[in-house]
1. Being part of a strand (DSSP E or B) and open to solvent by 60 Å² or more (accessible area, probe 1.4 Å) is the filter here; which residues of segment 62-94 pass it?
2. Test Gly58 against the criterion of being open to solvent by less than 80 Å² (accessible area, probe 1.4 Å), modelled with pLDDT under 95 and under 24 Å from Asn39 (Cβ atoms), and give yes or no.
3. Mind telling me which of the residues Val72, Val77 ends up being within 20 Å of Glu14 (Cα to Cα) and either more than 11 Å from the chain's Cα centre (by Cα) or modelled with pLDDT under 95 (or both)?
4. Look at segment 43-55 and say how many of its residues are open to solvent by less than 40 Å² (accessible area, probe 1.4 Å) and either within 14 Å of the ligand (Cβ to nearest atom) or of a type in the set (Gly, Ala, Ser) (or both).
5. Which ones in segment 57-94 are within 14 Å of the ligand (Cβ to nearest atom) and basic (Lys, Arg)?
6. Do any residues in segment 94-109 that are over 12 Å from Ala125 (Cβ atoms) have Cβ atoms under 7 Å from those of residues that are open to solvent by 90 Å² or more (accessible area, probe 1.4 Å) and more than 11 Å from the ligand (Cβ to nearest atom), where the two are at least six apart or on different chains, and which pairs are they?
7. Select, from Leu106, Leu129, the only residue that is hydrophobic (A, V, I, L, M, F, W, C), out of contact with any Phe, Trp or Tyr (no Cβ under 8 Å at 6 or more places or on another chain) and open to solvent by less than 100 Å² (accessible area, probe 1.4 Å).
8. Just checking, which of Arg97, Arg124, Arg101 is part of a helix (DSSP H, G or I), near the ligand (Cβ under 8 Å from one of its atoms), under 19 Å from Val27 (Cβ atoms) and modelled with pLDDT of 95 or more?
Amino acid sequence: MAGTSLTLEVVTPERLVFREEVEAIIVPAAEGYLGILPNHTPLITSLSVGVMRYRKNGEIKKVAVSGGFMEVAANRVTVLADTAERAEDIDVERARRAKIRAETRLREKPPNLDYARAEMALRRALTRLKAAGAE
Ligand code: ATP
């Protein structure tokens, strides 16, 4: 049945972050940003680290997500993310500290450096700062 809105549910292994009726969604899919409007064809995709945006009552909201999956089916969009925070719930100072920590590791390259892990930590921190509008 054709609809005019989407039910967006964002969950992590820890909690239900939110469930809302929305008008449009843009997610950081593995292959690039992907837009979802009502009556989108069914889809499952993996997510990368990035800022998810959605429109509700004409207003754009931002959520920082870090990996996971998204399923679209019958105007229900389920985002199962490794971590997800709404812009207003992001602790900007914490993200700034995480960014500096990761940058320092990547610059100083200690002998036991897990490069991929430090890079992912940096991407999460940059994404949180971007979602919070605090780049
Ligand atoms: P940190 O080093 O500050 O813990 P991290 O990137 O290692 O950052 P994650 O492992 O991605 O943290 O997340 C752990 C938990 O903390 C998740 O529930 C995540 O939503 C939350 N979280 C992480 N950073 C922030 C932040 N800046 N503001 C709000 N919640 C955060």
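1. Once the filter is applied, which keeps residues that are part of a strand (DSSP E or B) and open to solvent by 60 Å² or more (accessible area, probe 1.4 Å), segment 62-94 yields Lys62, Phe69, Glu71, Arg76, Leu80.
2. Answer is yes for this residue.
3. Residue meeting the stated conditions: Val77.
4. Here is the first cut: in segment 43-55, the residues open to solvent by less than 40 Å² (accessible area, probe 1.4 Å) are 45, 47-52, 54.
Applying the additional criterion that residues be either within 14 Å of the ligand (Cβ to nearest atom) or of a type in the set (Gly, Ala, Ser) (or both) yields 47-52.
Total satisfying the criteria: 6.
5. Lys62, Arg86, Arg94, listed by residue number.
6. Cβ pairs passing all conditions: none.
7. Matching residue, one of Leu106, Leu129: Leu129.
8. None of the others qualify; the one that does is Arg124.
The values are calculated or read from the model by the stated rules, or taken from the named source; none is laboratory data. Quick caveat, the model's predicted, so the values are computed rather than measured. Here Cβ is always computed from backbone atoms with ideal geometry, including for glycine, and neighbour counts include all displayed protein chains. Heads up: the accessible areas ignore ligands, DNA and RNA and are worked out on the full protein's heavy atoms, side chains in. Shrake-Rupley method; radii C 1.70, N 1.55, O 1.52, S 1.80 Å.
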